Amino acid sequence: MDSFKRIHLIVMDSVGIGEAPDAAQFDDIGADTLGHIARERGGLNMPNMARLGLSNIRNIQGVPEADQPLAYYCKMQEASSGKDTMTGHWEMMGLYIDTPFRVFPDGFPDELIQRIEAKTGRKVIGNKAASGTEIIEELGEEHMRTGALIIYTSADSVLQIAAHEQVVSLNELYDICTFCREITLDDPYMLGRIIARPFVGEPGKFTRTPNRHDYALKPFGRTTMNELKDKGYDVIALGKISDIFDGEGITKAVRTVSNMDGMDKLIEALDEPFTGLSFLNLVDFDALYGHRRDAHGYGQALEEFDARLPEVYAKMTEHDLLIITADHGNDPTYKGTDHTREYVPMLAYSPRIVAEGTELPLRGTFADIGATIADNFGVAMPEHGTSFLTNLQ
Ligand SMILES: O=P(O)(O)O[C@H]1O[C@H](CO)[C@@H](O)[C@H]1O
Ligand SMILES: [Mn+2]
Ligand SMILES: [Mn+2]
């Protein structure tokens, strides 16, 4: 079989498809992002994902099983010990996180907070695990009055700094985050990400702005993206992908402001005559609906995504392969406001697949995607993962 000229990888951020076998270790028994959203909405209207074979993976209420699925489909289990975005995406590109990034669910140590206060001349308030929208409601007024920085975390390895754009300028906030990044690269902190969380508005009516910026750790080793780039292939990062890999193994980065903008940017990329990988992350599912525990909004976002797929197909030829998957779960009906340890769906579609797609064996690691991409382009295989390229025939 000729190899594909272009592979388009879409990560529906947080769209899990039921508890993983090790969900108990993450206190996530019973989590089921897609299943519970469909139940809450009395069924999901996703005709295009249905045609690919979404409900052939596992029945999702309202999504009919396809008699002749267009895609090859299966579930994938995460091998790494973590359920955050970086862990999921790095694993997809062949890297495992064996020692999880450090988390500080009870707040950061005084030593770190004091260094931030000394450097910035601002007090720190918050310093606990919280939902980002709730903590600005709680502390935004005090922040506006005193200029203190709102620092918070979550079950993820993140240090997030919320500040009103008229109290702390974006430049100052970004400088503060850069400083925090520099002092937390190694033990004892080794934080996955520092995140700038600017907001605007008045007490009771605060809203976060798209000027969020993430400062990630560099991947701990080489990924399939590095191999592609070094062999002269294009690696087009759309949305948060460039942040997640800290720019490593990327030839072009395009930022997006929403899921729909992400789909627009993918469709624009499909008009470019590139050879290699386009890699899109759709973060609204996670940030606007999963963490907000908004099952209705999440369902609507899934349906809006589904409705855009025909525009993607229209630009694909037999030389294109589309892979749709996710990086972890974030069940909006589950306790708390954090990610959930789940299987993720994997659907692989190409106009080249003339007969129907079939079920692939359950993948024991997300790295099978990176291995398949490496195999297709004939670059060095990642440390982990097994290619399923020959199954796509
Ligand atoms: O509640 P908000 O601020 O959206 O934060 C969420 O977003 C972070 C990064 O994706 C997660 O760790 C979670 O804390
Ligand atoms: Mn994610
Ligand atoms: Mn998240």
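Read-outs throughout are calculated quantities, based only on the coordinates presented, and are distinct from any laboratory measurement. Note that the structure is predicted; figures quoted are calculated from it, not measured. As a convention, Cβ positions derive from the backbone with ideal geometry for all residues, glycine included, and neighbour counts pool all protein chains shown.
Descriptive notes on the structure:
- Taking 1.002 mPa s as the viscosity and 20 °C as the temperature, the Stokes-Einstein diffusion coefficient of the chain based on its alpha-carbon Kirkwood radius rounds to 100 µm²/s.
- Sorting 214-224, 181-191 by their mean Cβ neighbour count within 10 Å, with the most densely packed peptide first, gives 214-224, 181-191.
- A straight line joining the Cα centroids of the stretch 1-74 and the stretch 128-146 runs 35 Å.
- Put simply, the amide H of HIS8, placed in the peptide plane, has neighbours under 5 Å in SER278, LEU321, LEU322, ILE323, leaving out anything fewer than 5 places away on its chain.
- GLU318 sits among other residues whose Cβ lies under 14 Å from its own Cβ, and their net charge, with Lys and Arg +1 and Asp and Glu -1, is +2.
- Listed by chain and number, the aspartates and glutamates placed with their C-alpha closer than 19 angstrom to that of LYS205 are GLU134, GLU137, GLU138, GLU141, GLU142, GLU165, ASP294; residues fewer than eight positions away on the same chain are left out.
- Between ILE97, ILE373, ILE194, the Gaussian network model of the chain with springs among Cα atoms under 10 angstrom shows the greatest mean-square fluctuation at ILE97.
- Under 26 Å from LYS252, Cα to Cα: lysines that are on another chain or at least 8 residues apart: LYS5, LYS218, LYS229, LYS231, LYS240, LYS265, LYS315
- Cα-only Debye scattering, the stretch 1-118: base-10 log of I(q)/I(0) at q = 0.13, 0.14, 0.21, 0.23 Å⁻¹: -0.72, -0.80, -1.28, -1.36
- Cα gyration tensor shape for the stretch 160-318, rounded if a/c is under 1.5, else prolate or oblate: oblate
- With a cut-off of 9 Å between beta carbons, the residues surrounding GLU91 carry a summed charge of -2, where Lys and Arg count +1 and Asp and Glu -1.
- Of all the options GLU272, GLU227, GLU172, the one that moves most in a Gaussian network model of the chain with Cα springs shorter than 10 angstrom is GLU272.
- In order through the stretch 271-283: 3J(HN,Hα) via Karplus (6.51 cos²θ - 1.76 cosθ + 1.60), integer Hz, x for Gly, Pro: 7, 8, x, 8, 10, x, 10, 10, 9, 10, 10, 9, 8
- Taking ALA20, ALA148, ALA326 in turn, the Gaussian network model of the chain (Cα-Cα springs below 10 Å) assigns the largest fluctuation to ALA148.
- Within the chain, antiparallel bridges make up roughly 40 percent of the DSSP beta bridges whose residues both belong there.
- Relative contact order for the stretch 154-242, counting Cα pairs under 8 Å that sit 6 or more residues apart, in percent: 27 percent
- Footprinting exposure proxy for VAL200, VAL124 (fewest neighbouring C-beta atoms within 10 Å first): VAL200, VAL124
- Spatial separation of Cα centroids for the stretch 248-264 and the stretch 265-296, in angstrom: 7 Å
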